[in-house]
Structures are given as structure tokens and as C-alpha cells.
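Here the structure comes first, spelled out in C-alpha cells, and everything after it is commentary.
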């Protein structure tokens, strides 16, 4: 989880920045609620932004969704839906319509970020004003997903889109993961598993990864992180699927996300 890192006072009204457009000054409201690409460091590049958008479209089914010129995720027509999960739509709308600013940040190859996490948040307040807005960053290590190994269904059930949705449970709904050592999926994964179920995907069994060493005659000992998923099909035996990665390549696996 995350904690309030600071309260930052902004000059004047505090919620706008001035921009020159065609020789005229215009005001852009940047300190406002919603889900957006970061303006406070580590923004997603165009490729990463398009990937995140494609993932969120596939999970939610919203077809008229885009990042606008100010970086905010915008759904132009909420009635236009193709497939997707109703629970995923509810979760995304809680972020888009909520009272916080949720920033997407790129933290590639960071030893501190394992796939994704919500970082320390900040409360902004206007100078000579009591108005406040909370900002919570979702830090994503896009490179980590390239180290995942497992069956296709398991990989699909733990992709970038599901990582963002898990972190939105923290940032938008203020849910928590299980305490260390507790073998449970937790509140966030309960919501994300419902999304997986609605999409016909295997469900994550525990929040914490199993850690073990793998010894090979041709390589040095590896520290492996492993997650278990279960695929339940009507009239068939439940199938367990496993997802693994090299913890030395991904980052500090013992750090709580």
C-alpha cells in the first residue's frame, strides 16, 4: 500500500497551468481528478501508452476510449462496448470519475518495482484555499513482463492490463493486499479474479508468490518467483497453471506491492 508523502501548496488558484497556443495564452487544468499519463515525472512514452490503452480496452470492452491531449483517459461514449468485463468497467470508471488524480508512470528496469505498484501519494492544495486534491502514482515496470514464463492462459491472466487493474483497486478503491505470510488472494485480487472469471480466464490463487531456488547444471542458482492460477471449466477438472520468473531479473520480490 502507500502513505501520504507530502502536502504541496500551489500558488494562486493552484489548479491550472498557462500555455501559449497560436500567440494566445490559454489555461489548462492539470490538477484535476482522473486517470492520466504522468505529468510529474516518468511519463509513459507513446508505445507504452498505446499498450496500456489496448489492454484496458480489451479488459473493459470500452471501444471509444483514448488518452486526450492533456494525458487524461477519456471515454467518449460509454454505451459503446464490445465484450470485456462489467466489473472491469466499474473499476475503471471509479478511477476516471473518482476524486483522485491517478498517474501512470513508467519505471522500467527498476529494482524497487516488481511489475507494478502504487507509490507514495501527495496531497496538493491551493495557496490561500482549502481545496485539496490527492495524487497517487501507479508505477509500472514494463520490462518485467518480458521475464514471465508459463502457459499462455497464465500469461494472459497476469498481463499489463490486470496489473493496472490490481493497482486501481489500491488507488481508486483504497483496498489492501493480505498481510505478509497470509495465504489468501486478498481484496484486490478478489475483484481482479472476478474480472478474470467474467473473461473466462484462470484465477490467481494467492497474492504472495512462492519463492524457491532452481539449480541447473549449466546455469547458476536462480531465485524463482511463482504464482499459481486455477482454470475452472464446467464439467471438467480444475486445471492448475503456473507462472514463473527470475527474481534477480525482475527486482526485489520480497518488497510488498
Exercise for the section: Residue by residue through the range 194-218, note down the ones that are in contact with a strand residue (DSSP E or B) (Cβ under 6 Å, 6 or more places away or on another chain) and buried (at least 22 other Cβ atoms within 10 Å of the Cβ). Expected result: 196, 202, 204
Exercise for the section: Would you point out the residue of the range 224-244, among those that are in contact with a helix residue (DSSP H, G or I) (Cβ under 9 Å, 6 or more places away or on another chain) and surrounded by fewer than 16 Cβ atoms within 10 Å (Cβ to Cβ), that is nearest to residue 206 (Cα to Cα)? Expected result: 242
Practice task
Select the strands (runs of 3 or more DSSP E) contained entirely in the range 74-140, then report the ones holding at least 3 residues which are under 15 Å from residue 169 (Cα atoms).
Solution key: 100-106, 116-118, 132-140
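Can you confirm whether residue 174 is touching a residue at least 12 places away in the same chain (Cβ under 8 Å), surrounded by fewer than 16 Cβ atoms within 10 Å (Cβ to Cβ) and not in a strand (DSSP E or B)?
Working: touching a residue at least 12 places away in the same chain (Cβ under 8 Å): no; surrounded by fewer than 16 Cβ atoms within 10 Å (Cβ to Cβ): yes; not in a strand (DSSP E or B): yes.
The answer is no for residue 174.
Could you say which residue among 172, 82 is modelled with pLDDT of 95 or more and farther than 20 Å from residue 32 by Cβ?
On inspection, the qualifying residue turns out to be 82.
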Fill in the blank from the handout: Taking the range 232-251 and the residues there that are part of a loop (DSSP other than H, G, I, E, B) and out of contact with any strand residue (DSSP E or B) (no Cβ under 6 Å at 6 or more places or on another chain), the one that is nearest to residue 142 (Cα to Cα) would be 251
Practice task
Check every one of the strands (runs of 3 or more DSSP E) wholly within the range 1-66 and list those with 1 or more residues that are farther than 29 Å from residue 113 by Cβ and at pLDDT below 50.
Solution key: 16-21, 24-29
Completion exercise
Those residues of the range 127-140 which are modelled with pLDDT of 70 or more and more than 17 Å from residue 39 (Cβ to Cβ) amount to 131, 132
Handout entry: Looking only at the range 177-193, and only at residues there that are free of Cβ contacts under 8 Å to residues at least 60 places away in the same chain and assigned to a loop (DSSP other than H, G, I, E, B), the one that is surrounded by the fewest Cβ atoms within 10 Å (Cβ to Cβ)
Key = 181
Handout entry: Residue that is under 25 Å from residue 206 (Cα atoms) and either in contact with a strand residue (DSSP E or B) (Cβ under 9 Å, 6 or more places away or on another chain) or modelled with pLDDT of 95 or more (or both), where the choices are 145, 124
Key = 145
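The values are calculated or read from the model by the stated rules, or taken from the named source; none is laboratory data. In this text, all values refer to a predicted model and were calculated from it rather than measured experimentally. FYI the Cβ positions are ideal-geometry reconstructions off the backbone, even for glycines, and counts take in every protein chain you see.
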